[in-house]
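This report concerns only the one structure given below.
The values are calculated or read from the model by the stated rules, or taken from the named source; none is laboratory data. Source: prediction; values computed, not measured. For neighbour counting, all protein chains shown are included, and Cβ atoms are generated from backbone atoms with ideal geometry for every residue, glycine included.
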Amino acid sequence: MDQTKTEGIKPVARHGGRSFYVRLLFLYFLNLTDWICTEALLFSGRFSEANPIMRPVLGGVWQTIFFKGILPLLLVLLCAAVYKLAGEEESRFANILLNIGIVAYILVNLRHIFNFVLLFFSI
């Protein structure tokens, strides 16, 4: 390949084999699964929202859609745009924050699984 054709091409920043953008989408996916599981557990009547900040938000349908669906999506898109505009191959700080968010949401979703087990086997 001619070197002039590859000068403007930047490699995708990778961390552990996954790009920053794929992990960012995975974080949003974990947010959505948290939302769906929370709604299902609340609907059972046996559980209540553990996060005091989210308790008033979950009372209204449009508030819930905005705070649990639209706002996180906008933040993910903003984060992706800022990461791209920064022009850095790898941002260590951004990756650390992203990994912390992923681990936190994995723990939240594991707790949901535990709560579903309690719900289904305590009938």
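All told, Ala94 falls short of being closer than 12 Å to Leu24 by Cα and either among the basic types (Lys, Arg) or exposed (fewer than 14 other Cβ atoms within 10 Å of the Cβ) (or both).
Flag not set for Val82, criterion: surrounded by 10 or more Cβ atoms within 10 Å (Cβ to Cβ) and touching a Phe, Trp or Tyr at 6+ places or on another chain (Cβ under 9 Å). The residues of segment 46-70 that are under 19 Å from the mean Cα position of the chain (by Cα) and either of a type in the set (A, V, I, L, M) or not in a helix (DSSP H, G or I) (or both), listed by number, are Glu49, Ala50, Asn51, Ile53, Met54, Val57, Leu58, Ile65, Ile70. Test of understanding: among Gly45, Gly60, Gly101, Gly69, which residue is of a type outside the set (A, V, I, L, M, F, W, C) and loosely packed, with under 11 Cβ neighbours inside 10 Å? Checking each option against the conditions leaves just Gly45. Apart from one condition, Asn115 fits all of (1) at pLDDT 90 or above; (2) under 19 Å from the mean Cα position of the chain (by Cα); (3) over 20 Å from Val22 (Cα atoms); (4) surrounded by 14 or more Cβ atoms within 10 Å (Cβ to Cβ); the exception is (2).
Would you check if Lys84 is modelled with pLDDT under 85, basic (Lys, Arg) and in a helix (DSSP H, G or I)? So Lys84 fits the description; yes.
For segment 61-68, state whether one or more residues are farther than 16 Å from Phe20 by Cα and either at pLDDT below 85 or among the acidic types (Asp, Glu) (or both). No, every residue in segment 61-68 fails to be farther than 16 Å from Phe20 by Cα and either at pLDDT below 85 or among the acidic types (Asp, Glu) (or both).
Considering Leu98, Leu75, the condition of being of a type in the set (A, V, I, L, M), in a helix (DSSP H, G or I), in contact (Cβ under 8 Å) with a residue 24 or more places away in the chain and closer than 28 Å to Leu41 by Cβ is satisfied by Leu98 alone.
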